[in-house]
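Structure first, then comments.
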Amino acid sequence: MTDRTAEHYERVAADYDEHWSYDPDYVRRFADAITDSLRLTSSDAIADVGCGTGLYTRRIAETVRPTRPILCVDPVPAMLERLPRQSDLQPLVAGAEDLATGVVPLPDGDRLDAVVMKESIHHVGDRRTTLDGLAGLLSRHGRMLVVMLPRTIDHPLFREAHERFAQLQPETSEIVETLRASGLRTSVSYRTFHTTIDRQRYVRLLEARYLSVLGEFSEDELREGIAQFRHAYRDEPVLRFDEHFAFVKGWVAPG
Ligand SMILES: C[S@@+](CC[C@H](N)C(=O)[O-])C[C@H]1O[C@@H](n2cnc3c(N)ncnc32)[C@H](O)[C@@H]1O
C-alpha cells in the first residue's frame, strides 16, 4: 500500500459508511451476493481482507451467524476503528501481503475456509505473491472471492478520473490467471448493481473523494474535475448508473 493510499483512507474513514450506505438496500444486496457466491455457512472460518470499516462484513455476519468471529483485516487503523465492537467481528491491522507472507500470522493459527477481498485487490502491491500466499492459508474446503470493478466504469466521473482509474485497476483476467497459477479452480461471474443518486449528493461524494482514485488529484485538479462533472450532468438532477462487478472465485480442488 502506498503512503498516498494510507493517507486517503485515513482521511475518508470517518465518513466512509455515510458515503456508501446512502442506500442500505444496496449494501444488503451486495453482502448477500458475497455470501451466496462463497456459499458461506456458520461453521466457516472467514476472513475479509481489506474490510475497511466492515460495512459489508457486518451484514455478512448478520446473515451467516458465524460460530467463530470473522477476521476483519485492514492495514489502515482508522478504517478498522470504525468496525463495530461485536463478538462476531475480530479486527486485525494488517495488509493482505502481511497475512499472505506470514509476517502477521492468523490469530488462532488455523486455516481459513473463506477469504473475501472486496474492492481491495487494486491496492495490493505484489498481487501474485499475495494471492498465492492467501491461497496457501485455505483449508481443504477453502474458497476465495475477489470482487472488483473492471477498468472501464460507468460512474459519472470526470475524464481524468476515468483515465487514472483505468491505469490503476488490474485486469480481471490477471486475477483469474493468478488464482489459477496458485492451484485453485476458478470462475468469474458479473453482477450489476444499479445506483440512483441525487446529483448534489454525488457532488459531495466527489468532494469527499469517495473513490480512492479521486485521492490521486490535487485540490485544484479535483475542483476542475467537479466543474467538468457539473457541466456534463447539468440537466440531470438525479443520476442513474450501473456498477458491473466481477466476482472472481477461486477454490481448492477436491482430492
Ligand atoms: C475501497 S475500500 C473497500 C473496503 C471494504 N472492502 C468495502 O467494500 O467497504 C479498500 C480497502 O482496502 C484497504 N487496503 C489498502 N491496501 C491494502 C492492502 N495492501 N491489503 C489489504 N487491504 C488494503 C484500504 O485500507 C481500504 O479499507
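The values are calculated or read from the model by the stated rules, or taken from the named source; none is laboratory data. Not measured: the values here are computed from a predicted model. Backbone-built Cβ (ideal geometry, glycine too); neighbour counts: all protein chains shown. Keep in mind that these areas ignore ligands, DNA and RNA; they rest on the heavy atoms of the full protein, side chains included. Shrake-Rupley method; radii C 1.70, N 1.55, O 1.52, S 1.80 Å.
Rounded to a whole number, what % of the accessible area of the chain do carbon and sulfur atoms account for, probe 1.4 Å?
Ligands and nucleic acids excluded, carbon and sulfur reach 46 percent.
With each label point set 7 Å from Cα along the Cα-Cβ vector, what nm distance links ARG85 and SER218?
Rounded to a tenth, the inter-label distance reads 4.3 nm.
Collect residues whose amide H, placed 1.01 Å from N in the peptide plane, falls under 5 Å from the amide H of LEU138; neighbours closer than 5 in sequence don't count.
LEU112
Compute the distance from the alpha-carbon center of the range 190-234 to that of the range 60-114, in whole Å.
The distance from the Cα centre of the range 190-234 to that of the range 60-114 comes to 31 Å.
Accessible area per residue of the range 23-70 at 1.4 Å probe, in Å²?
39
For TYR26 and ARG128, what does the FRET efficiency come to when R0 = 35 Å and r is the distance between their Cβ atoms, rounded to the nearest 0.05?
0.65
Using only C-alpha atoms and all pairs of different ones, pull out the Kirkwood radius for the chain in Å with one decimal.
18.8
Largest first, how would ARG234, ARG201, ARG85, ARG140 line up by accessible area (1.4 Å probe)?
ARG85, ARG140, ARG234, ARG201
Taking only DSSP H segments of four or more residues, each worth -39500 (n - 2.57), what value at 222 nm results for the chain once the sum is divided by all its residues, to the nearest 500 deg cm²/dmol?
-11000 deg cm²/dmol
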